[in-house]
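Step one of this worksheet: look at the structure below.
The values are calculated or read from the model by the stated rules, or taken from the named source; none is laboratory data. Just so it is clear, the model here is predicted, and its values are computed rather than measured. When we count neighbours, we look across all protein chains shown, and the Cβ atoms used for this are built from the backbone with ideal geometry, even at glycine.
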Amino acid sequence: MEKTCEEHTAKNHFPSFMTNSKNNHNHCCQGHSHGGIFGDKTELIFALVCGLSLLIGWLISLYPTANSWLPFSFYILAYVFGCFFFLREVVEKTLQGHFEIEFLMLVAAIGAAALGKWAEGSLLLFLFSLGHALEHFAMGKARKAIESLADLAPDVATVLRDGKTAIMRVEELAIGDLVLVKTNERIAADGFVVEGESVVDQAPITGESVPVDKTPVANRSLAAQKPYKIPTEHRVFAGTINGSGTLQIQVTQTAQESTLARVITMVNEAEAQQSPTQHFTKRFERYFVPTVITLVVSLHFAFLFVDERFADSFYRAMAVLVAASPCALAIATPSAVLSGVARAARGGVLVKGGRALENLGRLNAIAFDKTGTLTQGRPKLTDILCHDNATESELLKTAIAVESMSDHPLAEAVVRDGRSKIGDLKVPKAFELKNQIGRGIQATVEGTAVWIGNAKLFEGTTGAQIPAEVKQQAELLETQGRTTMIVRYGERYLGVLGLMDTPRENARQTLKRLRDLGIDQMIMISGDNQEVAEAVANSVGIDQARGGLMPADKVAAIQQLCLKSKVAMIGDGVNDAPAMASATVGIAMGAAGSDVALETADIALMADGLQRLPFAVGLSRKTSRIIRQNLWASLGMVAVLVPATLMGLQLGFAVLFHEGSTLLVVGNALRLLVYRIDR
């Protein structure tokens with residue numbers, strides 16, 4: 001029961017990523033209103049002309065003196081306009097061996113005409129074509145919610161070059177250009193603030209309800225080298241709205257590669273990814289439609305077994321054909337999925353298709369990464385414990401030299417806070433960095449090997465083992481919720497560094513809302529030691545903490561959970577990608593501007609925070625409920641109408657109830673477009 005949707009392009013300045021690929025969708029679930037002489041309203045107008053022709057023909061037939069050819073000609077006109085949009089496709093699909101819902105309706109209309117019931121056949125085509133047109137109009141609302149994302153980015157931008165300003169089209173912007181954004185203007189490109197201070201409404205991208213303060217970066221060249229590492233207070237996105245201050249922004253992504261562009265592309269692609277229920281209904285239809293055709297053919301011969309005319313048997317068969325057509329079933333799931341994906345995108349949540357949306361609605365467990373997810377992701381250097389007569393400056397200079405070569409958040413904390421303590425002291429250069437995932441790093445400083453990491457790192461190294469005093473110091477810090485780094489310079493253990501990453505302010509409240517939504521089990525998996533993991537877990541209300549896990553251990557933990565429950569894994573989309581791939585649903589947090597997070601996760605929370613997670617879970621649960629309601633309504637209508645038509649329900653009433661059920665499930669699905677978490 002498939003039909004190829006028309007390609008449609010949104011804004012002309014996003015030609016490469018704003019175009020829907022041609023995907024096969026259900027005939028009445030994903031179809032757009034057909035274009036024509038009246039534009040998108042052509043199908044609706046043709047349906048109304050069909051109805052008007054039917055009405056005129058019926059009124060003329062009420063006058064006994066009227067010529068019989070006159071109402072007949074209007075009925076013929078009703079037939080032409082009623083099946084205009086699906087007749088050619090029915091013929092093409094039938095020749096290919098595909099029997100679709102339109103085919104069943106056309107056969108019923110031809111059957112009515114064969115019986116001389118031109119008025120009832122015209123009524124069938126009128127209601128069916130009207131239902132189709134209204135259905136496409138309603139589904140268009142969900143599509144427009146997605147396509148409206150394209151209108152967020154402005155067409156032009158004010159660019160600063162050689163001290164002068166020039167107006168340029170957005171697609172002509174290059175990386176490194178300086179863009180001037182005035183008060184209340186929409187930001188034209190992804191980038192970072194180099195001058196000016198303001199507040200920016202990021203709701204169109206991240207879903208954040210409160211505008212975010214923006215200030216200039218301290219080091220423009222460093223920010224340009226690593227734009228993905230820029231803190232949120234300096235970073236801006238295309239399509240967001242500047243507040244009361246004027247900003248100068250340095251562009252970091254072209255229009256085709258901006259966060260907004262990638263979101264639009266992925267939301268459009270999400271339509272092709274079918275949910276488990278969609279797969280079920282397609283399999284059901286594959287067997288159901290031939291069964292209907294077989295039943296209808298059998299009913300044609302009822303006159304051989306009961307005392308009635310062939311015309312009566314034929315009429316009943318046509319009524320059953322209409323009643324048993326599963327149009328509402330075909331639209332039930334896709335309409336809900338499309339509406340859910342559209343609402344999620346408007347709320348700062350990118351959902352990659354019906355499978356992810358439906359699976360999220362069935363979760364009963366969530367596994368959280370610790371660093372950057374439940375915590376701020378900006379650890380601080382809190383403890384400096386020296387050993388073997390090492391001075392604090394010696395310990396810090398060695399640690400800074402090695403950690404400055406790493407991108408890890410803990411390394412950044414050591415470099416940032418360590419430099420603030422040693423002041424202008426010269427830090428030596430480090431070379432030959434080797435990273436041992438889950439343990440630490442090794443490098444060479446002034447010709448001497450240096451190891452920095454947890455106790456596991458030194459279990460596999462030759463030379464001096466960890467002194468008992470150093471080990472005790474590290475264990476004491478860990479019981480206080482610190483992450484520890486033991487520093488060894490050659491054969492000397494210089495001491496222990498303690499770092500602490502504070503929990504996010506809204507983490508506990510978010511977890512409570514998730515429990516209210518029905519998430520029974522929440523665990524935290526972390527590479528930090530067990531004591532640190534438990535300290536964070538207790539502070540935010542996590543059920544269970546598992547610390548000291550290597551990436552492979554995280555995957556194993558998720559796989560073990562999946563044996564008992566449907567589990568989501570939420571992390572930053574980079575280090576946690578293997579674990580997210582192993583979960584029922586992988587969720588990336590803070591995905592705005594992160595290519596890796598957008599690519600690896602099934603669901604991406606665009607904002608750098610957990611606030612949108614309850615919204616995403618609540619929306620998916622609502623979507624699952626609406627899908628179930630639609631399935632029961634559509635199957636229930638078939639179950640009622642088929643016996644009713646067998647017992648004598650007129651063809652016109654069968655059409656009325658049949659098309660009414662289709663519009664009912666579409667209207668029910670569209671409720672998702674106004675979903676709120678507090679409902």
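Overview of values
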{"item": "Given (1) over 19 Å from the mean Cα position of the chain (by Cα); (2) surrounded by fewer than 24 Cβ atoms within 10 Å (Cβ to Cβ), number of the condition Leu329 does not satisfy", "result": "(2)"}
{"item": "Pair list, Cβ under 6 Å, 6 or more apart: the range 537-562 residue at positive phi, other residue of a type in the set (A, V, I, L, M, F, W, C) and surrounded by 19 or more Cβ atoms within 10 Å (Cβ to Cβ)", "result": "Gly541/Leu511"}
{"item": "Which numbered condition Ala597 fails, given (1) assigned to a helix (DSSP H, G or I); (2) modelled with pLDDT of 85 or more; (3) over 15 Å from Ala345 (Cβ atoms)", "result": "(2)"}
{"item": "Filter result (touching a Gly at 6+ places or on another chain (Cβ under 9 Å) and among the hydrophobic types (A, V, I, L, M, F, W, C)) within the range 621-654", "result": "Ile626, Ile627, Met637, Leu651"}
{"item": "Residue, surrounded by the fewest Cβ atoms within 10 Å (Cβ to Cβ), within the range 167-195, restricted to residues that are among the acidic types (Asp, Glu) and over 23 Å from Ser244 (Cα atoms)", "result": "Glu172"}
{"item": "Residue within the range 494-511 that is part of a strand (DSSP E or B), in contact (Cβ under 8 Å) with a residue 60 or more places away in the chain, in contact with an Asp or Glu (Cβ under 6 Å, 6 or more places away or on another chain) and within 30 Å of Thr391 (Cα to Cα) present", "result": "yes"}
{"item": "Subset tally (residues that are without any contact (Cβ under 8 Å) to a residue 40 or more places away in the chain and not polar (S, T, N, Q)) for the range 300-342", "result": "12"}
{"item": "Failed item, numbered, when Leu477 is tested on (1) in contact with a strand residue (DSSP E or B) (Cβ under 6 Å, 6 or more places away or on another chain); (2) in a helix (DSSP H, G or I); (3) free of Cβ contacts under 8 Å to residues at least 40 places away in the same chain", "result": "(3)"}
{"item": "Conditions (1) within 18 Å of Asp407 (Cα to Cα); (2) of a type in the set (Gly, Ala, Ser); (3) assigned to a loop (DSSP other than H, G, I, E, B); number of the one not met by Ala443", "result": "(3)"}
{"item": "From the options Leu670, Leu641, residue that is crowded, with 22+ Cβ neighbours inside 10 Å, touching a helix residue (DSSP H, G or I) at 6+ places or on another chain (Cβ under 6 Å) and at negative phi", "result": "Leu641"}
{"item": "Ala319 vs. criteria under 26 Å from Asn630 (Cβ atoms) and either among the aliphatic types (A, V, I, L, M) or loosely packed, with under 13 Cβ neighbours inside 10 Å (or both)", "result": "yes"}
{"item": "Options Gly660, Gly648: the member that is surrounded by fewer than 16 Cβ atoms within 10 Å (Cβ to Cβ), within 19 Å of Ile331 (Cα to Cα) and not hydrophobic (A, V, I, L, M, F, W, C)", "result": "Gly660"}
{"item": "Candidate set from the range 600-625 (those that are more than 16 Å from Leu511 (Cα to Cα) and assigned to a strand (DSSP E or B)); member that is modelled with the lowest pLDDT", "result": "Ala604"}
{"item": "Condition check for Ala323: modelled with pLDDT of 80 or more and in contact with a strand residue (DSSP E or B) (Cβ under 7 Å, 6 or more places away or on another chain)", "result": "no"}
{"item": "Complete set of residues in the range 485-511 that are acidic (Asp, Glu) and either farther than 18 Å from Thr382 by Cα or modelled with pLDDT of 90 or more (or both)", "result": "Glu491, Glu505"}
{"item": "Residue check for Ala365: surrounded by fewer than 24 Cβ atoms within 10 Å (Cβ to Cβ), modelled with pLDDT of 80 or more and either of a type in the set (Gly, Ala, Ser) or at positive phi (or both)", "result": "yes"}
